[in-house]
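The values are calculated or read from the model by the stated rules, or taken from the named source; none is laboratory data. Keep in mind the model is a prediction, meaning the values are calculated, not measured. To get the accessible areas, we keep the full protein, side chains included, count just its heavy atoms, and leave off ligands, DNA and RNA. Shrake-Rupley method; radii C 1.70, N 1.55, O 1.52, S 1.80 Å.
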Amino acid sequence: MWKDSAVSEPPKATAPAVTSKPVTEDELRTILDRLESTRDIFRENRELRGVLSRRDAETQSLRTRNSELEEIMRKFAPMLLNAATTMGLAAKNEMPGARSDA
C-alpha cells in the first residue's frame with residue numbers, strides 16, 4: 001500500500017526536440033507589433049466596459065423613472081378616462097351646426 005519513491009518524484013523536464021534558432025529583427029518587430037495591437041485591444045475593451053457600465057446605470061435610472069411615471073398614470077387614469085368620456089358624451093350630444101363662440 002506504500003507508494004514507490006519513483007512514483008512521487010516530479011516529472012523530469014525534457015529538452016525540446018528541435019533546437020531553437022535566434023529570432024530575427026523582423027520576427028521580433030512582428031512580435032512587438034502584435035503585442036502592441038493586443039494591448040490596444042485590451043485598452044479598448046476596458047474603455048468599452050466602462051461605457052457599458054455607465055449605460056447600465058443610466059438604463060436602470062430610466063427604468064426607475066419609467067416605473068414612477070407608470071404609477072402616476074395608473075393613479076390618474078380613472079380620472080382621465082372619466083374626463084375623456086365626459087368630453088366624448090358632450091361632443092356627441094352637441095347640436096349639429098351649433099357652435100359656441102368663446
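The table for this structure:
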{"quantity": "Normalised alpha carbon radius of gyration of the stretch 27-102 [divisor 2.2 N^0.38 Å]", "calculated": "2.64"}
{"quantity": "Stretch gain in nm, segment Arg74-Glu58, where the contour uses 0.36 nm per residue and the Cα spacing is subtracted", "calculated": "3.3 nm"}
{"quantity": "Percent accessible area from carbon and sulfur atoms, the stretch 25-102, protein chains only, probe 1.4 Å", "calculated": "58"}
